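Please treat every number below as a calculation from the coordinates, not as lab data. In this text the structure is predicted, and so the values were computed from the model without any measurement. Here the Cβ is made from the backbone with ideal geometry for all residues, glycine too, and neighbour counts use every protein chain on show.
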């Protein structure tokens, strides 16, 4: 596709397309530019990037409105595919299923011992219990 040269009216056009729920890929097609040119315009032309960022919010609002209107006001002639809508929202807008968050208490316990009064056997047992943290080496450093 031969790309058109940037024109300031592309900002308004892009937003109008996105207000109809179009993706950035559809917008680039409707603007008559390749997607790589679209991306380059976003990097090189601040007003175009702002228009697209604002357009993404408008696009999401359009999709949310579709659910609000069609999930509540359905009749036998309306065919709204809520599964398809959900997948669309997850993929386009990074929606996720809500997961239950449970409070996790910090179970870290700090113990202080006077290791200098322990026998070598007790230190060996402590080493084993501490998954080989080399308590004897630590004791030499602390002394």
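Per the Cauchy relation, a quarter of the hull surface: what is the mean projected area of the convex hull of the alpha carbons in segment 4-51, in nm²? Mind showing how you got there, number by number?
Details: hull surface 11.1 nm².
The directionally averaged projection comes out at 2.8 nm².
Note down the nm distance, to one decimal, between modelled labels 7 Å out along Cα→Cβ at residue 44 and at residue 87.
Between residue 44 and residue 87, the simple spin-label model gives 3.7 nm.
Pull out the extension gain between residue 61 and residue 122, defined as 0.36 nm times the separation in residues minus the alpha carbon to alpha carbon distance; nm, one decimal.
On the way: separation 61, 0.36 × 61 = 21.96 nm, distance 6.69 nm.
Contour length minus the Cα-Cα distance gives 15.3 nm.
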